[in-house]
Amino acid sequence: MSVNISNLYQELSERVIAARNSGQPLIIKGGGSKQFYGRNVIGDVIDLRACSGIIAYEPTELVITAYAGTRLQEIENALAQHGQMLPFEPPGFGDYATLGGAVACGLSGPGRPYTGSVRDYVLGIKCLTGKGEILTFGGQVMKNVAGYDVSRLMTGALGTLGIILEVSIKVMPRPEYETALTRKTDFNTALTSMNAWAGESLSLSAASYDDGQLNIRLSGKETAVASARKILAMEESGTELDYWSQLREHQLAFFKDTKPLWRLSVPSTTGNMNLAGDWLIDWGGAQRWLKTDEPVDNIHRITEQAGGHATLFRGGDHDGEVFQPLKPALMQLHLRLKQVFDPVWILNRGRMYRDF
Amino acid sequence: MSSVIERLRAILPEEAVISGPESLQVYECDALSAYRTLPRCVVLPADIDQVLAVIRICHAENIPVVARGAGTGLSGGALPVADGVVMSLAKLNRILAIDPDRRLARVQPGVRNLSVSEAAAPYGLFYAPDPSSQIACTIGGNVAENSGGVHCLKYGLTVHNITALKIITIEGELLVIGSEALDTPGFDLLALLTGSEGMLGVVVEVTLKLLPKPVQQQILLAAFDSVDAAGNGVAAIIAAGIIPAGLEMMDNAGIRAVESYIHAGYPVDAAAILLCELDGVQEEVDSSSKEVADILIKSGASEVRMAKDKAEGEKFWAGRKAAFPAVGRIAADYYCMDGTIPRKHIARVLQTINDLSRQYGLGVVNVFHAGDGNLHPLILYDVAVPGELERAEEFGGKILETCVAVGGTITGEHGVGIEKINQMCVQFNAQELILFHDIKHAFDPPGLLNPGKAVPTLKRCAEFGAMHVHAGQLPFPELERF
């Protein structure tokens, strides 16, 4: 990369220190593809796109380290050349999605219940705290229990604890073979099947229920996928594997709507939820997309009763709370942690909760 | 001083408060027995209410609390604090629920690791993290240490295999962290708490993920004329897109020690051997095994053996699992290290270790979780020879510093505890250590939960320690250690 990284870090650090001294909030921005996610924020934009490039990638170590502003596409291309992938299938929601944004938002794709989430694969992070300090946690190795796991704490924290500068991620081989299967069925049967199959060695790598269709993706050794197909005895899908990337990127017709879109994360066996709207069930039952005009309180209450939480994903009121409210004792801990990392509350202030 | 014990006796049954010096000795150390401290007393609460009551008293009286499971930890994480209370969670030992549909187990912290898989077996499910002490170690301790095992390359560590914790903070709050869904709103406190060595909260309930039990397993053993070639073999397997369930390496000193101990049939002239375990469905394991055998031959293996049946597979593993006791037979004492390195540096790091071995005049045996780069060098010494213990400790420290220098870490799976507190100063700078202290303060403002462990004060960076094994006698000699 052309930019001198230590100068860049120096500059970023000085900006944070100046903001800390003046109390001016900063909005952390990569490619801007996920600016819609979380609450609306105000402040000066701190742009990380210059902080870009792969620092180290050795396929046989199963680890890639890159600057936060590196485009996901660049990373995915580099991995693909060696038959590897980001196992958590991060949604980009735009061409300029960056690694830092993917980690800060903590969103994972359809494979999540079977292959793990972003935080499962984050091994280490270099970050710039709200104090202006550049700190490194974790590392480039898979087993590492030295110190508190700050890298994973930062994952999904929406930049409220620090500006992510560099990330090391565990990568995995791309499956040798994949196939997509589908079957018309009712919701309850689909839900039962998805949960039952997840408890068997069937090479399941994604499962959704969408518009009356149960959709399954199988990934792995060709021999293993073939044996699973025999057991599942489903028809090969006409939509093929594209369906899954379209689901991940919200490009399916379901998502082309102006109604508020909610993401409900619930235990995978949760039955029909008493909320009016259009549903798309992903993650084998554990992630549910809901287009609805139901009042926020209803959605939060009913989702909490089911043992989960709801997020206003797109549309609706992003000046109000978009994430499920935390219990007071937990909010207290969040405030204390925010204080540790960002004592003047300048980083993405209010992006996650109004309180910080 | 006795008022605390009296207050504890008032809320707990008589047998649940231990205070005589003789009975306290049982709790004076964990499996890092070189460090011993007598606590003021030991309490054994039987339920969450009793844990809460103990915490409230200790908080009010400003008394340190060290929570403890089976005490099988190797880094002194459960070492008592003088004048503090040790809280054994051994009585909270019930599996509360196995939910085969959600593939979850809800357990109390004193449940033994292996018993979860045993309880899940009728449903074709298992709990993946399998530290070598799994017949004795408890889930609460596993959470505290973020325990791994030989299968974590494929199945991950404890942090990847739990979905919820109930913890009690020093301020007496019962918090639910995580849920039975796949994520929760707010910060990922579940990850932060896992591996926090009992310093942020006391775990009183854990929800574990259960996975479908693999239908088939196959074990291969390969011999190499050089450590380099064995390392290349590991890299070539990964490059081929195969993620074995287990991938272990042992150097010549290890092979010889094991062979003379249990006669596993290991090739004693090999510079290194690799053990590779593959699992999955029948067809997958069959084709992957052939592929791995070809790869290992191409990487320069002088010999590749594929286990003919389960018994032979177990024999291959038996040698690896016997490595620690085998080393205990050839040396009066040994000191076990736990660094992790990027795998590509294996030959270089082993060379450095061998150079250090000559420099310090102490033998060393290397066993290695090769798949994930986790080294367990065993330094041989004799505590009866003046100066050898100190040399072994210094040698060990140098190994860990080498691990950090090549981009690795001072502890892959044993935890920092009291043992590696010095090396924490090598791996982290002062600002990072201060941030760790601040995190602890956020959870535990009075600093009463397991104080003095895992994160050194800046002043304490010169302290040092080790896992010592005398005359082949590990603490918990009946436990496998690998």
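Note on B:Arg348 and B:Ile297: their simple-model spin labels are 3.3 nm apart, each label 7 Å out from Cα toward Cβ. Buried accessible surface for the B/A pair, both sides summed and rounded to the nearest 100, is 6300 Å² with a 1.4 Å probe.
Apolar share of the accessible surface for the protein assembly as shown: 50 percent from carbon plus sulfur atoms, 1.4 Å probe. Plugging the Kirkwood radius over Cα pairs into Stokes-Einstein for region A:177-248, at a temperature of 25 °C and a viscosity of 0.890 mPa s, what D comes out in µm²/s? After rounding, the answer is 203 µm²/s. On a per residue basis, chain B carries 34 Å² of accessible surface, using protein heavy atoms and a 1.4 Å probe. Our coupling estimate for region A:47-54, obtained by passing each phi through the Karplus curve with A = 6.51, B = -1.76, C = 1.60 and θ = phi - 60°, is 9, 9, 5, 6, 8, 9, x, 7 Hz, Gly and Pro reported as x. Per-residue shielding of B:447-457, expressed as the average number of other chain Cβ atoms within 10 Å of the residue Cβ, stands at 1.
Rounded to the nearest 0.05, the FRET efficiency derived from the C-beta distance between B:Asn429 and A:Glu235 at R0 = 60 Å is 0.55.
Working ranking of peptides B:309-318, A:44-53, A:107-116, B:389-398 by packing, defined as the average number of other Cβ atoms within 10 Å per residue, highest first, is A:107-116, B:389-398, A:44-53, B:309-318.
Less than 12 Å Cβ to Cβ from A:Thr258, Lys/Arg counted +1 and Asp/Glu -1: what total charge do the surrounding residues give? It works out to a net charge of +2.
The mean number of Cβ atoms from other chains found within 10 Å of a Cβ in peptide A:128-135 is 2, as a whole number. When the helices of chain B are scored as -39500 (n - 2.57) per DSSP H run of n ≥ 4 and the total is divided over every residue, the value at 222 nm lands at -10500 deg cm²/dmol.
Each Cα pair under 8 Å and six or more residues apart adds its separation to the average, and for chain B the resulting relative contact order is 16 percent. The mean number of Cβ atoms from other chains found within 10 Å of a Cβ in peptide A:55-63 is 5, as a whole number. For region A:5-173, how big is the tail of P(r) above 22 Å, as a whole percent of Cα pairs? The share of Cα pairs beyond 22 Å in region A:5-173 comes to 38 percent. Sorting the segments B:26-39, A:223-236 by their mean number of nearby beta carbons within 10 angstrom, highest to lowest, gives B:26-39, A:223-236. Look at the alpha carbon pairs under 8 Å that are at least 6 residues apart: their mean separation over the length of chain A gives a relative contact order of 19 percent.
Charged side chains reduced to their Cβ positions (Lys and Arg at +1, Asp and Glu at -1) give the protein assembly as shown a dipole of some 840 debye around its Cα centre. The shape of the protein assembly as shown can be summarised by an equivalent ellipsoid whose semi-axes, obtained from the alpha carbon gyration tensor, come to 39, 33, 27 Å from longest to shortest. In the context of the full set of protein chains, residues of region A:259-314 present 33 Å² of accessible surface per residue (probe radius 1.4 Å, heavy atoms only).
For a straight C-alpha distance cut-off of 13 angstrom, the aspartates and glutamates reachable from A:Lys29 (same-chain residues fewer than eight places away being disregarded) are A:Asp44, A:Asp47.
Provide the per residue accessible area, probe 1.4 Å, for region A:5-173, rounded to a whole number of square angstrom. Could you put the intermediate results ahead of the total?
Working: 5010 Å² over 169 residues.
I get 30 Å² per residue for this part.
The values are calculated or read from the model by the stated rules, or taken from the named source; none is laboratory data. From a predicted model like this one, the values you see are computed outputs, not experimental measurements. All Cβ positions, glycine included, derive from the backbone under ideal geometry; neighbour counts span all protein chains shown. Please note that ligands, DNA and RNA were not included when accessible areas were found on the heavy atoms of the full protein model with its side chains. Shrake-Rupley method; radii C 1.70, N 1.55, O 1.52, S 1.80 Å.
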